[in-house]
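Read the structure below first, then the notes.
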Amino acid sequence: MLDLIIKNGKIVDGTGNPWLAGDVGIQQGAIVAVGQLSQEAHRTIDAHGQVIAPGFIDGHCHSDLMILDYPNSEIKLQQGVTTEVVGNCGLAPAPFFPETASLLQTYVEPILGKTSWEWPWNTVEQYMQTVAKASISENIATYVAHGALRIAVMGFANRPATREELDRMKGLLEEGLRAGAIGFSIGLLYAPGSYTSREEIAELCSVLPQYNGLFSTHIRGEGNNLIPSIKEVIWIAEKTGVSLHISHLKAAGKANWGKILEALELVEEARGRGMDVTVDVYPYNAGSTMLTTVLPPWVLEGGIECTLDAFRDPQMRRRVREELGSEQKDWDNLVYSTGWSSVIISSVQTAANRHLEGKHIEEISELRGQHPVDCVMDLLIEEGGKISIVYFHMSDTDVKEVIRYEKSLIASDSLHCETGKPHPRLYGSFPRIFAKYVREEKTLSLEQAVRKMTSFPVQRFKLGKRGLIVPGYIADIVVFDPDTISDTATYQDPRQYPTGISQVIVNGEITLANGQHTQARPGAFIPAQHQCCNH
Ligand SMILES: [Zn+2]
Ligand SMILES: [Zn+2]
């Protein structure tokens with residue numbers, strides 16, 4: 001007797017092969033039979049006319065803290081996601097020392113959100129244990145994040161690490177990898193990542209091969225410096241012999257649209273030399289980040305309090321205004337090419353500014369009768385530096401090129417914000433691929449789309465026996481209607497669940513039944529599953 005049987009579906013098994021008609025049998029958390037099954041089951045789901053696919057993997061998101069505050073992960077389950085990978089872009093809530101806790105908290109909160117938990121961990125391993133014990137509805141895996149390491153050891157110091165500091169960072173990285181992290185993530189756009197040289201990153205990466213750890217990169221510049229920034233991480237990976245993953249590949253800023261082809265060419269060339277390089281992409285032409293990332297890097301030195309102090313100094317203000325008003329050689333002044341109307345405030349901290357959520361900076365500066373840069377600086381002072389933005393800086397054609405690219409996988413890069421208007425990718429990334437890029441634009445076949453969100457990320461992020469509808473694999477499964485699956489979240493009204501997804505099964509348990517969360521919490525923390533060794 002099976003625990004569960006899903007009958008009469010189109011099985012899209014995650015390999016990219018054409019769908020086959022049949023049933024899927026599940027017992028004790030695993031897929032035990034696939035085909036025309038005659039066994040009895042305690043429970044039967046009729047999937048007539050629907051696709052049975054492996055649960056989707058969100059291989060790039062920022063749910064590190066929100067998984068603790070919202071352990072039923074409804075936003076992701078409603079999209080068919082059964083596993084999230086966190087610790088991306090050099091941002092993670094661990095490790096830290098008591099004396100660096102508040103620095104790290106201020107650093108991650110604009111992206112990871114504010115948690116009601118009192119950070120009852122210090123090490124990456126303790127963070128993992130906290131998640132494992134939190135009773136969650138989906139699975140979680142994590143990287144060790146460079147920003148957290150550097151803040152723990154050096155705070156926001158804008159200088160090279162000393163030998164001793166490097167050794168301490170390497171020790172912390174190794175600790176996280178040994179505990180089961182899937183690799184090492186960097187965010188060279190964000191301070192203190194932006195203060196770090198390629199040599200320093202390479203030195204840290206030297207720890208990875210021993211643990212088969214993936215080097216995952218938010219590159220230094222995605223605009224004018226896109227090409228040198230890709231070359232930089234390829235250089236690091238080549239020097240250290242590690243596998244490289246480029247996160248949310250894009251060409252930002254009008255002047256750079258089209259450079260995406262050159263970027264993909266670099267990836268192909270590297271692969272041609274035998275390097276293991278892959279990329280991921282989210283299906284939108286706007287990004288989402290912190291408002292501080294549009295500022296000149298020097299003004300972020302020393303942490304947010306120093307930045308806000310600089311904004312109170314008339315001379316510094318003038319310098320910021322001047323630099324943001326012209327093309328810059330040393331850093332990517334993206335707003336210069338796209339204009340302040342392309343930057344929309346998605347969330348603020350204070351009730352007084354809540355009415356600004358959903359408005360762009362140009363509009364807000366007119367409302368306040370200020371120069372846009374003054375408006376940005378004052379808003380940051382008012383909000384203690386914590387403002388999230390949605391930023392329209394990509395071309396649809398480029399986004400499509402990356403989605404089409406064979407070695408790209410789909411991820412959301414989702415950021416939570418409790419108030420305001422989050423980027424719709426939080427609610428819609430996975431169904432949007434089927435609605436827009438499979439049905440509407442025919443960029444991908446149904447089977448290719450499923451591969452890019454199942455077996456491919458599972459292989460890449462070492463998530464073990466998941467991502468395929470094959471006997472012996474863990475039963476993470478989604479059932480959806482290929483004709484109606486669709487995102488409904490928009491920029492103006494982002495908090496909308498998608499349509500067309502009826503059932504989601506995590507580790508053999510039904511977590512979404514007929515579109516409703518069952519309140520089941522079968523999720524687990526997934527340590528890296530290496531086939532090569534016993535780490
Ligand atoms: Zn990033
Ligand atoms: Zn990210």
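Residue-wise test of (1) within 20 Å of Arg178 (Cα to Cα); (2) within 16 Å of ligand 2 (Cβ to nearest atom); (3) touching a residue at least 24 places away in the same chain (Cβ under 8 Å); (4) part of a helix (DSSP H, G or I).
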{"position": "Gln79", "(1), (2), (3), (4)": "no, no, yes, no"}
{"position": "Val85", "(1), (2), (3), (4)": "yes, yes, yes, no"}
{"position": "Thr100", "(1), (2), (3), (4)": "no, no, yes, yes"}
{"position": "Leu103", "(1), (2), (3), (4)": "no, no, yes, yes"}
{"position": "Glu109", "(1), (2), (3), (4)": "no, yes, yes, yes"}
{"position": "Lys114", "(1), (2), (3), (4)": "no, no, yes, no"}
{"position": "Pro120", "(1), (2), (3), (4)": "no, no, no, no"}
{"position": "Thr130", "(1), (2), (3), (4)": "yes, no, yes, yes"}
Matching residues, the stretch 455-477, being in contact with a Ser or Thr (Cβ under 7 Å, 6 or more places away or on another chain) and of a type in the set (A, V, I, L, M): Leu463, Leu468
Matching residues, the stretch 305-318, being over 31 Å from the mean Cα position of the chain (by Cα), closer than 14 Å to Pro372 by Cα and surrounded by 15 or more Cβ atoms within 10 Å (Cβ to Cβ): Arg317
Residue check, Gln50 in contact (Cβ under 8 Å) with a residue 24 or more places away in the chain, more than 16 Å from ligand 1 (Cβ to nearest atom) and surrounded by 23 or more Cβ atoms within 10 Å (Cβ to Cβ): yes
Residues within the stretch 245-270 that are farther than 18 Å from Phe392 by Cα and more than 15 Å from ligand 1 (Cβ to nearest atom), tallied: 10
Check on Glu84, surrounded by 24 or more Cβ atoms within 10 Å (Cβ to Cβ) and acidic (Asp, Glu): yes
Hits in the stretch 104-158 - residues which are at pLDDT below 95, closer than 16 Å to Leu91 by Cα and of a type in the set (A, V, I, L, M): Val108, Ile111, Leu112
Filter pass, Ala191 being farther than 21 Å from Leu214 by Cβ and buried (at least 23 other Cβ atoms within 10 Å of the Cβ): yes
Flag for His62 being within 16 Å of ligand 1 (Cβ to nearest atom) and not hydroxyl-bearing (Ser, Thr, Tyr): yes
Residue count for the stretch 87-98, restricted to those that are without any contact (Cβ under 8 Å) to a residue 40 or more places away in the chain and either crowded, with 18+ Cβ neighbours inside 10 Å or on the phi > 0 side of the Ramachandran plot (or both): 0
Search result, residues across the stretch 9-32 that are surrounded by fewer than 17 Cβ atoms within 10 Å (Cβ to Cβ) and not in a loop (DSSP other than H, G, I, E, B): Leu20, Ala21, Ala30
From Gln78, Gln105, residue being within 28 Å of Val479 (Cα to Cα) and either more than 16 Å from ligand 1 (Cβ to nearest atom) or among the charged types (D, E, K, R) (or both): Gln78
Lone unmet requirement of (1) crowded, with 17+ Cβ neighbours inside 10 Å; (2) small (Gly, Ala, Ser); (3) more than 25 Å from Arg521 (Cα to Cα) for Ser38: (1)
Selected residue (criterion: nearest to ligand 2 (Cβ to nearest atom)) from residues of the stretch 53-77 that are among the aliphatic types (A, V, I, L, M) and outside any loop (DSSP other than H, G, I, E, B): Met66
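The values are calculated or read from the model by the stated rules, or taken from the named source; none is laboratory data. Predicted, not measured: the structure shown is a model, and the values here were computed from it. No Cβ is skipped: glycine too gets one built from the backbone with ideal geometry, and neighbour counts run over all protein chains shown.
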